[in-house]
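Following: one structure in structure tokens, then a few remarks.
Bear in mind that the values in this text are calculations on the coordinates, not laboratory data. No experiment lies behind these values; they were computed from the predicted model shown. Here the Cβ positions follow ideal geometry from the backbone for every residue, glycine too, while neighbour counts run over all protein chains shown.
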Amino acid sequence: MSIEVGIIMGSDSDLNVMQAAADILKELGVDYELTVVSAHRTPLRMVEYAQKAKSRGLKVIIAGAGGAAHLPGMIASITPLPVIGVPVKSSNSIDGWDSVLSILQMPNGVPVATVALNAAKNAGILAAQIIGTANETVGNNVADYKSNLEKEVLTKVNNLKEKGFENNFD
């Protein structure tokens, strides 16, 4: 087993959000690790994690953080790997915008791919898409997943038609 995605979060209180990334990665056949790495409370652990990530075989890091949300950007400033930031609406967050903007507004040279507030599932899908560019099995799993999304929507369209709702689009 080769772990390709690191899922990190600033606190275990973020697990209820970040679990969605782990779940979708598992569904798509991507091996991952999950741990707490706090930019503010364990800065040396954060630096070590970022410095060693590539040599340990990771290909992508998903970093979730709330409030000031420095973790994704700090990790991205240290590692050459792609970092996907998940802004988390936490107990110390104003309304989530502080986390979104902290992750989104990175300076040139230190990119962080940023998903929507609490959208760890999207972060997992994006990580799988990145892995899938070099891993045909994962790429096929992502393609199947997206195909199933389309089928689900078309089933809902048909359900509405059966209930008598008009649809002039088809």
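So, in region 117-137, how many residues would count as being assigned to a loop (DSSP other than H, G, I, E, B), out of contact with any strand residue (DSSP E or B) (no Cβ under 8 Å at 6 or more places or on another chain) and among the hydrophobic types (A, V, I, L, M, F, W, C)?
As a first pass, look at region 117-137 and keep what is assigned to a loop (DSSP other than H, G, I, E, B): 117-119, 133-135.
If we keep only those that are out of contact with any strand residue (DSSP E or B) (no Cβ under 8 Å at 6 or more places or on another chain) as well, we get 133-135.
This time we only want the ones that are among the hydrophobic types (A, V, I, L, M, F, W, C), so: 134.
Qualifying residue count, region 117-137: 1.
Please specify each residue of region 80-110 satisfying the condition of being more than 19 Å from A120 (Cβ to Cβ) and β-branched (V, I, T). Within region 80-110, I94, V110 qualify. The C-beta contact set for region 75-96 (first residue farther than 16 Å from V115 by Cα and touching a residue at least 12 places away in the same chain (Cβ under 8 Å), second residue assigned to a helix (DSSP H, G or I) and among the β-branched types (V, I, T), distance under 7 angstrom, 6+ apart or interchain) comprises I78/V47.
Of all residues assigned to region 29-50, none qualifies as being small (G, A, S), surrounded by 20 or more Cβ atoms within 10 Å (Cβ to Cβ), in contact (Cβ under 8 Å) with a residue 60 or more places away in the chain and closer than 15 Å to V86 by Cβ. Can you tell me which of (1) part of a loop (DSSP other than H, G, I, E, B); (2) over 19 Å from L15 (Cα atoms); (3) touching a helix residue (DSSP H, G or I) at 6+ places or on another chain (Cβ under 9 Å) is the one N140 doesn't meet? Answer for N140: the failing condition is (1).
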